[in-house]
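Q: Here you go, one structure.
Rule-based calculations on the coordinates, nothing more; no lab input. Since we're looking at a predicted model, the values are computed, not measured. Using ideal geometry, Cβ is built from the backbone for each residue, glycine included, and neighbour counts are taken over all protein chains shown.
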Amino acid sequence: MQKKIEEIKVLNKFAKNVIRIARIRLARNKMNATKDLANSLKYLVISKLSSAVTSLKFFGLDYWYYQDQGVKGTKSSYIQNTKTKAKYKESSNLIGLEAKTGTFAAFAKRKGLQPRNKKGQFGSYKTMGFILANSIKQKGIPANFFFSKALDKGLESLPQEYVKAIVRDNLTLTKK
């Protein structure tokens, strides 16, 4: 474990930087209404004594992948979602989910979204929740790459620092 100190420091610095950039991107893209997703982003550096391998894992709420990579809709899809594996099926029941949980209605209330009828009267947030659920099922969720681009940006500086850290760790090992 002693020989991996520099390597672990570099990985910790890299992971903190990636999460910082991802949180900034979430805020700039206005995808941070409750800050739950931004606050859930965590990392873990795993280094075993018996192994020469050190790994780094990132964690977040269950839906972070779908926000990052997007989801294809049933009828149309956003251009940036062409490479995503996630896709809504015709049989997926977002409308039923909305009826049970009221997730989209709560979002509409938080954002102040209300439909209007032909007379100009406001509809309910519950109605807006169903409208949003149906729209998301048909169009999908656009990919915003908040994490992917943060990871790419962090990887630009990582190789030089990482190689130097491994060299420093091995130099300290041979000095003893």
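Q: From the Cα gyration tensor of the chain, with a ≥ b ≥ c the square roots of its eigenvalues, which class applies: rounded if a/c is under 1.5, or else prolate if a/b is larger than b/c, or else oblate?
A: prolate
Q: Another question, then. Suppose R0 equals 30 Å. What FRET efficiency, 1/(1 + (r/R0)^6) with r the Cβ-Cβ distance, do K42 and K89 give to the nearest 0.05? Spell out each step's value before the answer.
A: Values: r = 31 Å, r/R0 = 1.04.
About 0.45, to the nearest 0.05.
Q: Quick check: pseudo-label points 7 Å beyond the Cα along Cα→Cβ at A27 and T74, how many nm apart are they?
A: If labels sit at A27 and T74, their model points lie 3.8 nm apart.
Q: What share of the DSSP beta bridges in the chain is antiparallel, in percent to the nearest 5?
A: Roughly 90 percent of the DSSP beta bridges within the chain come out antiparallel.
Q: Still on this structure, please answer the following. Per DSSP helix of 4 or more residues, -39500 (n - 2.57); summed, then divided by the residues of the chain. What does that give at 222 nm, rounded to the nearest 500?
A: -17500 deg cm²/dmol
Q: Another question about this same structure. Can you tell me the FRET efficiency between Y162 and I136 if r is taken as the Cβ-Cβ distance and R0 is 41 Å, rounded to the nearest 0.05?
A: With R0 = 41 Å, the Cβ-Cβ based efficiency is 0.55.
Q: Quote to one decimal, in nm, the extra length available between I5 and N117 on full extension: 0.36 nm per residue of separation minus the C-alpha distance between them.
A: Full-extension gain reported as 33.9 nm.
Q: Follow-up question, since we're still on this one. Students often get this wrong, so check it: of K57/K139; K13/K35; K72/K111; K89/K153; K13/K72; K109/K153, which have C-alpha atoms separated by over 26 Å?
A: Among K57/K139; K13/K35; K72/K111; K89/K153; K13/K72; K109/K153, the Cα-Cα distance tops 26 Å for K57/K139; K89/K153; K13/K72; K109/K153.
Q: Same structure again: At what distance in angstrom do the alpha carbon centres of region 101-148 and region 1-66 lie from each other?
A: Centre-to-centre distance over Cα atoms comes out at 31 Å.
Q: For region 71-141, what log10 I(q)/I(0) values come out of the Debye formula at q = 0.20, 0.21 1/Å, with one point per alpha carbon and no solvent?
A: Ignoring solvent entirely, the Cα scatterers give -0.83, -0.88.
Q: What relative contact order, as a whole-number percentage, does the chain give when Cα pairs under 8 Å and 6 or more residues apart are counted?
A: About 30 percent, as a whole number.
Q: Which of the aspartates and glutamates could be linked to K119 by a straight reach, that is with a Cα gap under 12 Å, when you skip same-chain ones fewer than 8 residues away?
A: Output for K119: empty list, no partners.
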